[in-house]
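S.K.: Quick one: the structure is below, questions incoming.
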Amino acid sequence: MKTKKYFLITIAVTAMAFLSVACSAQTGGNYQGNVPVVHTENNVGRNGAYQGAEVHQEYPSSGEGLFHPTDAKLTDAEIADLLFMREEEKMARDIYASLYSQWGLPVFQSIAQSEQNHMDSILELLAAYDLDDPAAQTNAGEFINSDLQQLYDTLVSRGQSSLEEALRVGALIEEVDILDLQDAIQNTDKADIVHVYSNLMFGSENHLRSFTGQLTRQVGVTYEPLYLDQESYQQIITKQPSGRGRAGN
């Protein structure tokens, strides 16, 4: 997919372009909130649910009996998208869990839980279409896709350098996730797959608003999009947060 390829080729350059100036309060310790810092390895098991504190949101059911695929075969592009999305959502979850461990900022914990919901929705599709789960035998921070493995390592390293960088990493991930989901929706005519991808995209828009809002509140920075065009970005930022079922948060 064009967006994923663009992401993989340019991520190193983009990372180097991040602002690196942070105040001593950001580089010298964790967020001084009421939520305790916990270590990533204690939060995410092998292909398991994220085990942090409960998110203070209710997630409506995505709908029983949604995944009833017909006899129609998936195209190679549809299969590739599903497998990639499963690991891309895992990458986001694992990065946010790691950054929560580093900084203790609740937004990372909350969105890590949401990414677990995204992973679960993709897993339901994999099961419905009898596809092997690429995340079945991997621990937190481990990926079958070598490009995603490199991205994880790069982005975690950047996010550990300062709280500002950590929030920028979150916003960057959500920008690209939105674009990848848009591409994936264009690649399929399966209603159940479109439904899940659409919910995930609305969730990613919510996450992007959260990270950019935290950048402003925590470090006084106004985020500028790196992948979305300015018009699309502004439409997302000014949109009211949406609840789209379990996966749409």
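S.K.: If we sort 162-173, 100-111, 125-136 on the protection proxy, mean other Cβ atoms within 10 Å, highest first, what's the order?
M.R.: Details: 162-173: 25.4, 100-111: 23.1, 125-136: 15.8.
Highest to lowest by the protection proxy: 162-173, 100-111, 125-136.
S.K.: With +1 on each Lys and Arg Cβ and -1 on each Asp and Glu Cβ, how big is the dipole of region 86-213 about its Cα centre, in debye rounded to the nearest 20?
M.R.: Details: 7 positive and 23 negative charges, 95 e Å.
It comes to approximately 460 debye.
S.K.: So if we plug the beta-carbon distance of residue 142 and residue 79 into 1/(1 + (r/R0)^6) with R0 = 22 Å, what FRET efficiency do we get, rounded to 0.05? Write down the numbers at each step before the final one.
M.R.: Details: r = 22 Å, r/R0 = 0.98.
The calculated FRET efficiency here is 0.55.
S.K.: So how far apart, in nm, are the two label points at residue 186 and residue 124 if each is 7 Å from Cα heading toward Cβ?
M.R.: The answer from the label model is 2.7 nm.
S.K.: Would you mind working out the magnitude of the charge dipole of region 147-207 relative to its Cα centre, with +1 at each Lys and Arg C-beta and -1 at each Asp and Glu C-beta, to the nearest 20 Debye?
M.R.: 100 debye
S.K.: Something else: Given a cut-off of under 8 Å on Cα pairs at least six residues apart, what relative contact order in percent is computed for region 86-215?
M.R.: Values: 128 pairs, mean separation 33.7, N = 130.
RCO, region 86-215: 26 percent.
Every read-out reported here was derived from the displayed coordinates using simple, explicitly stated rules and does not represent laboratory data. Keep in mind the model is a prediction, meaning the values are calculated, not measured. Cβ atoms come from the backbone with ideal geometry, glycine included; neighbour counts cover every protein chain shown.
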